[in-house]
Amino acid sequence: MFKISSWEHLRIPFSYYLMPVFWFALSLAPETPVVNVLVIGIILHLFLYPSSNGYNSYFDKDEKSIGGLKNPKKVTIGLYYLSLLFFGLALSFALFYGWAFFVFVLVYGLVSMAYSHPSVRLKKYPFISWLTAGFFQGAFTFGMCILGFMESGFSLLFEWKILLPALLTTLLLLGSYPLTQVYQHEEDHKRGDITLSLKLGILGTFYFTSIWFLISGLAFVYYFFATGNEWAIWWFLGCSSPLVVYFFFWFRFVQKEPQKYASHKMAMMMNKISASTLNFFFIVYYLAQ
């Protein structure tokens, strides 16, 4: 029932690109037991995110490259049930870390389903899908991690010391998210999904991302300064420099030949550099707390 292609569409390695939010949240809960860190990491990165990937792939039925898969195979009904199985496993393990964490895992999963299910399909609305992805993969996931690490109630999330860094993660996602759509214009247009990147155009997407990268960078600098972690500013800027350099040269290539260089290969390299540098920085930041 569960074909190899179904497992491939879960895109489990793609969870690596979403880990920076996890590590940043952990830096605010440095006394979390190692076993809790491991289990919550597994719930999110091995079950919840892959479940979302698989569910979206089943309804998108992409024929060309998608995030984490250059040549996606044809989806089957087995992928639909496999994604639900993984979602069920995420919910089952989440119960051990309190009702608040369980509710956040449940809501995240349901929203990700609404993103691609034909009855709702948030993906076809450019600004709604952009804000939804930015909020739920950013601030919402940050809050979900905090609830799991601290096994706390919802009220904790409204404290400024949690709310501010949570919002910072959303700023990062609002900038990078449109770039994940820049090579899918043809297929999105064919399905009637007017994504933000499609609406902005290829060059417009890069200009848009440039602005949001600048905003989020300044916001992080302010945060580290305001919290007395001035040392982290230089680490953050240093770790971000490979990403900035790559983005600059990619942008220059795209300006010359948009159709050639706004490609899956270039976008995935951007994701790898971004995830690797940010994961490294936030791990260092967590260890320093």
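Here is how the numbers come out for the structure above:
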| read-out | value |
| --- | --- |
| Inter-part distance where the range 170-191 and the range 79-128 are each reduced to a Cα centre, Å | 20 |
| Mean Cα-pair separation over length for the range 4-287, i.e. relative contact order, pairs under 8 Å, 6 or more apart, % | 23 |
| Top of G175, G201, G138 by mean-square fluctuation, Gaussian network on the chain, Cα under 10 Å | G201 |
| Distance in nm between pseudo-label sites at W7 and Q255 (7 Å out along the Cβ direction from Cα) | 4.6 |
| Residues listed by number, the range 139-158, amide nitrogen under 19 Å from V34 label point at 7 Å toward C-beta | 149-150 |
| Cα-Cα P(r), the range 156-286, percent of pairs per 10 Å interval | 12, 40, 29, 16, 3, 0 |
| Pairwise Cα inverse-distance average, inverted: Kirkwood Rh of the range 20-149 (Å) | 15.4 |
| Most mobile of T209, T195, T227 in a GNM of the chain (Cα contacts under 10 Å) | T227 |
| Net charge of Cβ neighbours under 10 Å - reference G68; Lys, Arg +1; Asp, Glu -1 | +1 |
| Rg/Rh ratio calculated on Cα atoms of the chain (Kirkwood radius) | 0.95 |
| About the Cα centre, charge dipole magnitude for the chain (Lys/Arg +1, Asp/Glu -1 at Cβ), debye | 900 |
| Computed FRET value (nearest 0.05) for S263 with L214, which takes r as the C-beta separation and R₀ as 30 Å | 0.75 |
| Straight-distance crosslink candidates among lysines, where the alpha carbon sits under 17 Å from K272 and sequence neighbours closer than 8 are dropped | K70 |
| Ranking of L278, L44 by count of other Cβ atoms within 10 Å, fewest first | L278, L44 |
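FYI, it's all coordinate maths here, none of it is from the lab. In this text the structure is predicted, and so the values were computed from the model without any measurement. Backbone-built Cβ (ideal geometry, glycine too); neighbour counts: all protein chains shown.
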